[in-house]
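Below is one structure; the comments refer to it alone.
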Amino acid sequence: VCVFLILATLFVLLDIPIRPVVRENAKYIVKNEVTLMINECVAGYLQENNIAYTDLITVSLNDKKEVTAVGTNTIAVNKLKTDITNAIANELKDSRGEKIRVSLGNLFDSYVLDYIGIEFQVKLTDYGFIETDITSNFKSAGINQTLHSIKLKIKVDVNINVGTLYQTETVETEILLAETVLVGNVPEFYTK
């Protein structure tokens, strides 16, 4: 009983300083892994489907070559959002997790113990709602020039499991889908 109590006390004393370090390292690793996964999914989709600005947007000009309207191809935009969301969900399902190493030097603030550490397995146990949103932004790019950018904002909640530690992290990223410079007079309504 005494040996068990001593071991339990040692475990608790070691567990207290390790938890915050493991939690922070796991958060960093998972956010990095999920962001890379999202970027690869979007880049792969755009390359595979050869998506260009003109696939998503139509620009109407008058006889004087002035921009009179900028329209969205709603079907193409919705298909893009759906396909990318599904690709991200499939990648998250297949994620196996990564190993992280927590240095004893981090725990005890010691340079001597920096190369001695404990290895933990970080797993994505589940993911929540994947939120995707496409934004369109007009910005002045010089005299009679307007920069039009179309961006995809992605937000994913992921559950992280490291041993007995469970936590939920939100990963957000924004990816440029298409961009062009509209030359000519663009109505003030669009450039603000």
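The values are calculated or read from the model by the stated rules, or taken from the named source; none is laboratory data. Computed from a predicted structure; not experimentally measured. Virtual Cβ from ideal backbone geometry, glycine too; neighbours counted across all protein chains shown. Each accessible area value is taken on the protein alone, full model and side chains, heavy atoms only, with ligands, DNA and RNA left out. Shrake-Rupley method; radii C 1.70, N 1.55, O 1.52, S 1.80 Å.
One residue alone among 174, 188, 169 is closer than 25 Å to residue 64 by Cβ, of a type in the set (Asp, Glu) and either at pLDDT 80 or above or surrounded by fewer than 13 Cβ atoms within 10 Å (Cβ to Cβ) (or both), and that residue is 188. Contact annotation: residue pairs with Cβ atoms under 8 Å, 6 or more positions apart or on different chains, pairing a residue in region 44-60 that is farther than 13 Å from residue 83 by Cα with a partner that is assigned to a loop (DSSP other than H, G, I, E, B) and of a type outside the set (Lys, Arg), are 55/73; 56/73; 57/73; 58/73. Each residue in region 60-72 was checked for being surrounded by 12 or more Cβ atoms within 10 Å (Cβ to Cβ) and out of contact with any Phe, Trp or Tyr (no Cβ under 9 Å at 6 or more places or on another chain), and 4 pass.
Confirm whether residue 9 is open to solvent by less than 90 Å² (accessible area, probe 1.4 Å), part of a helix (DSSP H, G or I), at pLDDT 70 or above and not acidic (Asp, Glu).
Numbers: open to solvent by less than 90 Å² (accessible area, probe 1.4 Å): yes; part of a helix (DSSP H, G or I): yes; at pLDDT 70 or above: yes; not acidic (Asp, Glu): yes.
Answer is yes for this residue.
Scanning region 151-182 for residues that are over 20 Å from the mean Cα position of the chain (by Cα) and without any contact (Cβ under 8 Å) to a residue 40 or more places away in the chain gives a single hit, 164.
Residues that are part of a strand (DSSP E or B) and touching a Gly at 6+ places or on another chain (Cβ under 8 Å): does region 132-139 have at least one?
Within region 132-139, none of the residues are part of a strand (DSSP E or B) and touching a Gly at 6+ places or on another chain (Cβ under 8 Å).
Just one of the listed residues (75, 29, 18) is aliphatic (A, V, I, L, M), under 21 Å from residue 127 (Cα atoms) and in a helix (DSSP H, G or I), and it is 29. Total residues in region 106-154 satisfying the condition of being modelled with pLDDT of 75 or more, open to solvent by less than 80 Å² (accessible area, probe 1.4 Å) and of a type in the set (Asp, Glu): the figure is 1.
Restricting attention to region 73-93, the residues that are open to solvent by 60 Å² or more (accessible area, probe 1.4 Å) and at pLDDT 85 or above add up to 9.
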